[in-house]
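Worksheet: the structure to be examined is printed underneath.
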């Protein structure tokens, strides 16, 4: 099981390649086209990262999130959530880039294999930019009222953060 | 990781105010907290960090998007769609009556599972438009459920955050996968459960 997870990347890519080859896809050409799309994605998010990274770096350096974490720590400790992830949880439903920047700060500072670093990665990997997605869908459908959709989606996010902290504590705590 | 780069007008305005609040609050509070010098240096460090983060991440994001392209061209989404149809008929009984909406729904869900954000959003929007048409522009229960499903992450392979972990020197970037799946399941289950309760209380 362990070595299987270690080999996730090559095994997965190999399996996808095999499937594509069986369907007669030109592997090299398709991957080149996909890679070009990836470059465009990175070029597109760089401006957002350039605006958001300094702000998040500033916020973390100012010590305010620590203050927030300390204020919330009685609550977060009871729930078993690492206090360092408070900022990430606040940003996650609003902005994907800001959450990515906050998570990478946590991962860099606490280490990728620390409990806090892993919890941050699981949190961001198992959630979406809720408010943004909801705004896009309702705007595209031309529906002005959203009834219970946003509260339910935010509750799902909360469940996601709590379960991320819980499963990480079980696996690596 | 869909929606990294927000386009929605309301959300951009919200982020603008948050940015303003961050700069003002930090400038005012950091002297009191004794972090003024660190905060002063942080802004310019942040720009360098954004560039190096982007550079470090580019390689693996590009490789994964190459793999996603393979998946898309080999028609994996269509294969998965056939498996998902019975589930969708139960979740969206009214919309499933319309063949066009059902196919948009299955495309949306399977592309979400495979992490094909480029394919998932247009299909989801087609389904949402179809549902709005069915209910005469009202936010029907099924439309709200679709949004709840799409705001929970269904992606089986969170490749971006795995790349971030790999770049930070994780011993095994993907060893978070089982935890991500459990947590995704919990969040989808919670979302659908709350939806089932709220649809009765919130007409």
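Shielding of peptide B:166-174 by partners, expressed as the average count of other chain Cβ atoms within 10 Å per residue Cβ, is 6. For residue A:21 and residue B:156, the FRET efficiency from 1/(1 + (r/R0)^6), where r spans their Cβ atoms and R0 equals 30 Å, is about 0.90.
Separation of region A:57-84 from region A:106-137 is 16 Å, based on Cα centroids.
Of the peptides B:170-183, A:88-101, B:10-23, how do they stack up when ordered by the mean number of other Cβ atoms within 10 Å, highest first?
Details: B:170-183: 20.9, A:88-101: 24.1, B:10-23: 14.6.
Output ranking for B:170-183, A:88-101, B:10-23: A:88-101, B:170-183, B:10-23.
A Förster radius of 41 Å combined with the Cβ-Cβ distance from residue A:77 to residue B:83 puts the calculated FRET efficiency at roughly 0.45. The modelled label-to-label distance between residue B:185 and residue A:44, using points 7 Å beyond Cα along the C-beta direction, is 3.2 nm.
Would you mind checking the tilt of helix B:117-134 against the longest principal axis of the Cα atoms of chain B, expressed as 0 to 90 degrees and rounded to 10? Helix B:117-134 and the main axis of chain B meet at about 50 degrees.
Quarter the surface of the alpha carbon convex hull of region B:1-96 and you get the mean projected area, 10.9 square nanometres. Based on C-alpha pairs under 8 angstrom that are at least 6 apart in sequence, region A:63-172 has a relative contact order of 28 percent. Taking the inverse of the mean reciprocal distance over all distinct Cα pairs, the Kirkwood hydrodynamic radius of chain A comes to 18.7 Å. Centre-to-centre, using Cα atoms only, region B:149-203 and region B:57-123 are separated by 16 Å.
Each label point was placed 7 Å from the Cα along the Cα-to-Cβ direction; for residue A:36 and residue B:41 their separation is 4.4 nm. Stokes-Einstein diffusion for the protein assembly as shown at 20 °C, viscosity 1.002 mPa s, with a Kirkwood radius from C-alpha pairs, works out to 101 µm²/s.
The mean number of Cβ atoms from other chains found within 10 Å of a Cβ in peptide B:75-86 is 1, as a whole number. Estimated purely from DSSP H runs of n ≥ 4, each contributing -39500 (n - 2.57), the mean residue ellipticity at 222 nm for chain B is -27000 deg cm²/dmol once divided by its residues. Under the simplified labelling scheme, the residue A:3-residue B:56 pair shows an inter-label distance of 3.0 nm, with each label point 7 Å from Cα along Cα→Cβ.
With runs of 4+ DSSP H residues as the only contributors, calculate the mean residue ellipticity of chain A at 222 nm using -39,500 (n - 2.57) per run, divided by the residue total and rounded to the nearest 500.
-26500 deg cm²/dmol
Shape index of region B:35-201: Rg/Rh, with Rg the Cα radius of gyration and Rh the Kirkwood radius from the inverse mean 1/r over Cα pairs, equals 1.08. For chain B, averaging the sequence separation of C-alpha pairs within contact (under 8 Å, six or more residues apart) and dividing by the residue count gives a relative contact order of 17 percent. To the nearest ten degrees, helix A:96-110 and the longest principal axis of the Cα atoms of chain A are 70 degrees apart.
Per residue of B:11-21, other chain Cβ atoms within 10 Å of the residue Cβ number 4 on average.
Treating r as the C-beta distance of residue B:28 and residue A:114 and R0 as 41 Å, the FRET efficiency rounds to 0.80.
Since every read-out is calculated from the coordinates, none of them should be taken as a lab result. Quick caveat: nothing in here was measured; it's all calculated off a predicted structure. Methodologically, a virtual Cβ is constructed for each residue, glycine included, from the backbone with ideal geometry; neighbour enumeration extends over all protein chains shown.
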